[in-house]
1. For the range A:165-223, which residues satisfy the criterion of being farther than 19 Å from A:E404 by Cα, of a type in the set (A, V, I, L, M, F, W, C) and not in a strand (DSSP E or B)?
2. For the range A:311-342, enumerate the residues that are of a type in the set (A, V, I, L, M) and more than 17 Å from A:P379 (Cβ to Cβ).
3. If we keep just the residues of the range A:329-348 that are touching a Phe, Trp or Tyr at 6+ places or on another chain (Cβ under 7 Å) and in a strand (DSSP E or B), which is surrounded by the most Cβ atoms within 10 Å (Cβ to Cβ)?
4. Identify, by number, the condition in (1) within 14 Å of chain A (Cβ to nearest Cβ); (2) surrounded by 19 or more Cβ atoms within 10 Å (Cβ to Cβ) that B:L223 doesn't meet.
5. Can you find even one residue in the range B:132-142 that is buried (at least 18 other Cβ atoms within 10 Å of the Cβ), modelled with pLDDT under 90 and of a type in the set (D, E, K, R)?
6. Please work out which residue is surrounded by the fewest Cβ atoms within 10 Å (Cβ to Cβ), limiting yourself to the range B:4-34 and to residues that are basic (K, R) and touching a helix residue (DSSP H, G or I) at 6+ places or on another chain (Cβ under 8 Å).
7. Among the numbered criteria (1) small (G, A, S); (2) in a loop (DSSP other than H, G, I, E, B); (3) within 14 Å of another protein chain (Cβ to nearest Cβ), which one does A:A487 miss?
8. In contact (Cβ under 8 Å) with a residue 12 or more places away in the chain, crowded, with 18+ Cβ neighbours inside 10 Å and of a type in the set (G, A, S), is that true of B:S195?
Amino acid sequence: MRFLLLLMAVTASAQVRDTDWLTYGLNLAGWRFSDLAQMTPANVKSLSLEWVFQTGVPGKHETTPLIKGDVMYLTGPENTAFALDLKTGRQIWKYSKPLPPGVSVCCGLVNRGFAMYGDTLYKVNLEATVVALDSKTGATIWETPMADPRKGYSGTVAPIIVKDKVVVGIAGAEFGTRGFVDAYDIKTGKRAWRFWTVPSPDEPGGNSWPNDKVAYQRGGGSTWITGTYDPGLNTIYWGTGNPGPDMNGDVRPGDNLYTCSLVALDADTGKLKWHFQYTPHDVHDWDATEDPVLIDVDRGGRKVKAVIMANRNGFYYVLDRTTGEFIEGKPYTEVSWAKGLDKRGRPILVSGQDPTPDGNKSCPGGGGGHNWQATAYHPLLNLYYFTSTDGCHTYYMTNQQFLEGAWYQGSTFSGEGLFPKGSIVALNPSTGDIKWRWQMVSPPSAGVLATAGGLVFSGDSFGYFFALDAKTGKPLWNRNLGATVIAPPVTYARGGRQFLVISAGTSVFTFALPKP
Amino acid sequence: MAAQNPFAGNAAEADAGRGLFRIMCGPCHGIKAQGGRGPDLTLGVYNAGNTDRDLYRVIASGVSGTEMPAYGSRIGDDNVWRLVTYIRSVANRREVPVTGDAAEGEKIYWGKGGCGNCHRIGQRGGVMGPDLTLVGRKRSIEYLRRALDKPNADLTPGFYTVTVVTKQGQKIQGVQRSFDNFTTQFVTADGKVHSYQRDDLQSSERSYTSLMPAYTSWSEAMLNDMVAYLASLRGEAGK
């Protein structure tokens, strides 16, 4: 028996090849699926702590760490970043750039991670710049401003590398800014192209805004979550945020393109190939900045190249990623603002759901059902996993004078007296049918990771890091890390062992099965 | 900055401040300043000091180490004072007169009211409900009055009701200390803390209600005496 166990251990070890994590979504299609299978439902209870690293930087840690060679590269809040020794978690270098005055952020001084090409790391800084760092030292190679932070622009997104360009988005749609997707030359930092997510009045789509010189300039459409890329179609897919001001639609009659939309951009030129607007004329702050995941779906025996999204507005969508055509859409949580979607995917509205001075209740709430937290697609089980806040808000509206650089939300929403719950949802990505739902007692906080071993990993606001059975949603293991988990877990392998990495509070934890 | 609030007590300026507040402050502090992500501003006491100048400083310069940003350079001096004036106008703790007898209220609290069985004041009393040592600083007169006959009108966050049934079929009910995705901890009337892995239970439920009885049978005089006593609990000497 002992011999047999030893043999099994050796075999398992031989099967686990070294595996990196090199880009935000693990692949450019945004799957966050690892083919590592050493951790399984049978052994996950044996996971134990390998090391902990404390960043010492207060604030929310939302980073997806990158793993390459012997090093882990992670970004922290307040313009910080770290390179850690993969074996021990000890710091190799720290990057820290003081925050200039005048930077305004809606939701914390956060950063969601690096992109990497060769020996160079790329990140955005809060003052709306893109910076290239030498991965050996953390020294700055170049830094390029994207926009003026005093106008309310900020940088929080993890970039992606597409051919010879670093592609990034911008935050700031709560401050009356105009969103864009940018591409910069990886060597020089020179801007290669920009796609404005809000057209000017004389451009296509410009007639979906008031015909004046100001509305589109404050039109929002920020791009604060990383997009995806299909090399075969040479197309970048990027979700856009709310229109500005968020909850006062009276000052911006029209559909307000291309806010709350998915835009498909030519990777070489940034030119728009197509767009799909999930929430025309949004007044509930339902950014479409959720992961746009690229998969092939089965539609009656026919394979369709699709882009899927669990949208903040409560519906799950399948689009043809070649044409932008709407294929399928279903609610995955309580939706009160729309009866459903028409044949082209446009919502069929319910009256009495818009914000008013005295407030109207609508579901989902202002943070939406699913928000930005990373999702995962398991190709072996054909299941798509994401978190959902299941509840409602009261939405208020206020007339508001625009002040450059100031909060421009057109009022607010309130959860007073409402107690939303949460869930992790697994659905069939071809149909939107829910396979299982793991109920949480309060809204979720973290992203998810799926593995070939048959596990889904995530965390929660109570500090638990946990594993669910990918097939059934049954909880199999948990460990409390003492602080809220927001970031998604990542996994990698070295020396025949699979490792898990998760940030909680201001610390980074690494777990593995005991050494054989 | 002006040495004093130029709009102090001016209702029109407070209303202008209200408009600004709903837009700029409401997202964190609640649409009526009742609190949310940021602190409740209707209590008349504030973490960063209680004078108009303290409030001005917080709004104009922000609070280092928190998500409270600096608004001074964005909205200008007058608008900061308008916000201060509005916040003062909703700090209504002193607006309702105290008519009861605090000494009588104290007797009821520790005697026939039974309040002390669940609520601690200083070193005395039970632990199931919220500690009331400083409740006079934290809550308005109206709030205190309403809490006595409508305890479900507004629950102190976290003090919800947890009901579990053990695998042996025993039902236990108490006030939440923690209720998360995997475990629960709650306190029963005897002061005992119970802790369970939720997997080890037949069922575990949380309801957003209070275990406190509604004192609807009390006379108006008893209620007023109790309010007077609670309002006097400000953590000062002898209380």
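1. Hits for the range A:165-223 are A:I186, A:W209.
2. Restricting attention to the range A:311-342, the residues satisfying the condition of being of a type in the set (A, V, I, L, M) are A:318-319, A:327, A:335, A:338, A:341.
A:L319, A:I327, A:V335, A:A338, A:L341 - these are the residues of the range A:311-342 that are of a type in the set (A, V, I, L, M) and more than 17 Å from A:P379 (Cβ to Cβ).
3. In this case the residue turns out to be A:G329.
4. (1)
5. Checking the range B:132-142: at least one residue is buried (at least 18 other Cβ atoms within 10 Å of the Cβ), modelled with pLDDT under 90 and of a type in the set (D, E, K, R).
6. The initial filter retains those residues of the range B:4-34 that are basic (K, R), namely B:18, B:22, B:32.
Applying the additional criterion that residues be touching a helix residue (DSSP H, G or I) at 6+ places or on another chain (Cβ under 8 Å) yields B:18, B:32.
Details: B:R18: 22, B:K32: 16.
Applying the filter and picking the extreme gives B:K32.
7. It fails just one condition, (3).
8. On the way: in contact (Cβ under 8 Å) with a residue 12 or more places away in the chain: yes; crowded, with 18+ Cβ neighbours inside 10 Å: no; of a type in the set (G, A, S): yes.
Against the criterion (in contact (Cβ under 8 Å) with a residue 12 or more places away in the chain, crowded, with 18+ Cβ neighbours inside 10 Å and of a type in the set (G, A, S)), B:S195 does not qualify.
The values are calculated or read from the model by the stated rules, or taken from the named source; none is laboratory data. In this text the structure is predicted, and so the values were computed from the model without any measurement. A quick note on method: Cβ atoms are made from the backbone with ideal geometry, for glycine too, and the neighbour counts reach across all protein chains shown.
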